[in-house]
Amino acid sequence: MSGPAAAGGSAAGSGPDPRVPVVTIDGPSGSGKGTVSRLLVRHLGWHLLDSGALYRLVAHAGTLAGLAPDDEPGHARLALQMHVLFDPDATGEERIWLADRDVTAALREEAAGAGASRVAVWPAVRSALLARQHAAARPPGLIADGRDMGTVVFPQAQLKIFLTASPEERAQRRYKQLKEKDSSVSLAALSREIAERDRRDATRPVAPLVPASDAIVLDSTALDAAAVTERVLAHGRARGLWGVVA
Ligand code: C5P
């Protein structure tokens, strides 16, 4: 997600453009949805919505603004007003800007994920982010990565995937990702944090992490990202979503 769609934020959304095809990739942390979504985007030349980054941004913006951790209206205001830009740097690596601050590294930390899961239980924050997410649906198509993409944000999506993997495998994957940047990460602590985040995401009353009734559930425990991507492409092909080119 980049450009005007990412920078804006308005309360009065009229829903996503119904002419734009949308593929939703939902699932818990470490299920591989971020990697698979990026491979699909590269393959298809579609846009990406990394909705988890938006929740991470709201939590981070709240901390920077000195908001109390339980200030729901304050965080909802930030969700509406924050100025965000998703913009690759000269090497093509993704960078995320909050106003004029590069917050890419801060958002990757597990603390940012935990903060996101805390603000994500609030209905006011979720609805404040809706118009921004809908605006990401632009031609030629959107890959939407998150927890409630197929159930709440894009219920009309042409293809809905729900990715799972065993808790052990998911913790290992996150550990590998984080270890590259921070050598103090502990697998045991990370497993506990992920389990707590999953529990909160799956049991919250608003937009809990559940597969849409029409989602295809894929278990990625024994598959690498390329193999999962191939399966998603095959499902899209079977539905005539991208013809024979992909
Ligand atoms: O996907 P990621 O790990 O970046 O998401 C961080 C947190 O944001 C999740 O644990 C979840 O609580 C929240 N989230 C959400 N709905 C989404 C995406 C993320 O509630 N669509």
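Considering only residues in region 22-47 that are among the aliphatic types (A, V, I, L, M) and either in a helix (DSSP H, G or I) or under 9 Å from the mean Cα position of the chain (by Cα) (or both), the one that is farthest from the ligand (Cβ to nearest atom) turns out to be L44. Output yes when any residue across region 69-92 is in contact with a helix residue (DSSP H, G or I) (Cβ under 8 Å, 6 or more places away or on another chain), within 13 Å of the ligand (Cβ to nearest atom) and either free of Cβ contacts under 8 Å to residues at least 40 places away in the same chain or among the basic types (K, R) (or both), and no when none is. No, every residue in region 69-92 fails to be in contact with a helix residue (DSSP H, G or I) (Cβ under 8 Å, 6 or more places away or on another chain), within 13 Å of the ligand (Cβ to nearest atom) and either free of Cβ contacts under 8 Å to residues at least 40 places away in the same chain or among the basic types (K, R) (or both).
Touching a Pro at 6+ places or on another chain (Cβ under 9 Å), more than 26 Å from K181 (Cβ to Cβ) and assigned to a loop (DSSP other than H, G, I, E, B), is that true of Q156?
Yes: the conditions hold for Q156.
Residues L241, L218: which one is touching a strand residue (DSSP E or B) at 6+ places or on another chain (Cβ under 9 Å) and buried (at least 20 other Cβ atoms within 10 Å of the Cβ)?
Working: L241 fails: buried (at least 20 other Cβ atoms within 10 Å of the Cβ).
Result: L218 is the single residue among L241, L218 that is touching a strand residue (DSSP E or B) at 6+ places or on another chain (Cβ under 9 Å) and buried (at least 20 other Cβ atoms within 10 Å of the Cβ).
Listed here are the residues, each with its yes/no results for (1) among the hydrophobic types (A, V, I, L, M, F, W, C); (2) assigned to a loop (DSSP other than H, G, I, E, B); (3) at pLDDT 90 or above; (4) within 16 Å of the ligand (Cβ to nearest atom).
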{"position": "R170", "(1), (2), (3), (4)": "no, no, yes, yes"}
{"position": "S183", "(1), (2), (3), (4)": "no, yes, no, no"}
{"position": "I194", "(1), (2), (3), (4)": "yes, no, no, yes"}
{"position": "V206", "(1), (2), (3), (4)": "yes, yes, yes, yes"}
{"position": "V210", "(1), (2), (3), (4)": "yes, yes, yes, yes"}
{"position": "L218", "(1), (2), (3), (4)": "yes, no, yes, no"}
{"position": "V232", "(1), (2), (3), (4)": "yes, no, yes, no"}
{"position": "G243", "(1), (2), (3), (4)": "no, yes, no, no"}
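Note on region 137-194: among residues that are among the hydroxyl-bearing types (S, T, Y) and closer than 22 Å to S220 by Cβ, the one that is surrounded by the fewest Cβ atoms within 10 Å (Cβ to Cβ) is S166.
Among the residues making up region 48-68, those that are within 12 Å of the ligand (Cβ to nearest atom) and more than 11 Å from the chain's Cα centre (by Cα) are L57, V58, A59, H60. Where strands (runs of 3 or more DSSP E) sit wholly within region 73-147, those with at least 1 residues that are at pLDDT below 95 and within 21 Å of W46 (Cα to Cα) occupy 84-88, 94-98. Screening the candidates L178, L233 for the property of being under 20 Å from the mean Cα position of the chain (by Cα), more than 16 Å from D26 (Cα to Cα) and aliphatic (A, V, I, L, M) yields one hit, L178. Scanning region 129-162 for residues that are of a type outside the set (D, E) and within 11 Å of the ligand (Cβ to nearest atom) gives L129, L130, Q133, A144, G146, R147, M149, G150, T151, V152, V153, F154.
Close contacts from region 31-46, counting a first residue that is farther than 15 Å from D219 by Cα and a second that is of a type in the set (S, T, N, Q) and modelled with pLDDT of 95 or more, with Cβ to Cβ under 8 Å and a gap of 6+ residues or different chains, come to L39/T229; L40/T229; H43/T229.
The values are calculated or read from the model by the stated rules, or taken from the named source; none is laboratory data. If you're wondering where the values come from, they're calculated on a predicted model, not measured in any experiment. A quick note on method: Cβ atoms are made from the backbone with ideal geometry, for glycine too, and the neighbour counts reach across all protein chains shown.
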